[in-house]
1. Can you run phi through the Karplus equation (6.51, -1.76, 1.60; θ = phi - 60°) for the range 158-171 and list ³J(HN,Hα) in whole Hz, with x for Gly and Pro?
2. Tell me, what is the per residue accessible area of the range 92-193 in Å², probe radius 1.4 Å?
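The values are calculated or read from the model by the stated rules, or taken from the named source; none is laboratory data. What you see is a predicted model, and the numbers here were worked out from it, not measured in a lab. Accessible surface areas use protein heavy atoms only, side chains included; no ligands, DNA or RNA. Shrake-Rupley method; radii C 1.70, N 1.55, O 1.52, S 1.80 Å.
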Amino acid sequence: DKSRMYGACIVWYEPLPDGVVQACVDEVMPECDGVERAAERALAGELHAPEAICLLSSAPIFEALNSCCRQLFRMRLSGGDPASTEYMLTEASLRPLLTTPLPDYGGRVDVPLGNVSIHVVIPPANELPHTMAGRDFLLLFECLDVSSVIVLWALLLAEQKVLLQARQTHVLTMAAESLCALLFPFSWQHVYI
């Protein structure tokens, strides 16, 4: 029914420009003189800040979202000097991604992004929900034994509360999506975060 939101994200760390580092040192140590600040800055070395590309969709198209994130990251890196405006992703470079509508159930669309075309496929509504070629089910059964999966499946069918926990978010997402796929032809109608 496309009422849920799904996402993918890539995070990396970029070195901060010297001016930003100096401003941080000045803010943290305002009462120090110039020599102490210079020493603190030298001890700090090169500082990095996190940057991210996050994409959201109303359809569970994880493979396409991950491919788009990787391509946008490549496009971001191919810009050259981080100080230049060419380094940034522009509205023109993102327009195909932002304006291409999702296909209907059972449809497919290709999204041109940079020098590649990302394939977005949504399975028909009357078929088993889209899986990443079975890899997400494999991941579920690698993390849980069969009896635990059966207990979880029974709890979901009985509309009981289930809380999943994992150290890695991608494992958690794939496990939750796999469990929802196991409900087919039914679907989870309650809170799902």
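1. 8, 6, 8, 6, 9, 10, 9, 9, 8, 6, 10, 5, 5, 5
2. Ligands and nucleic acids excluded, the result is 69 Å² per residue.
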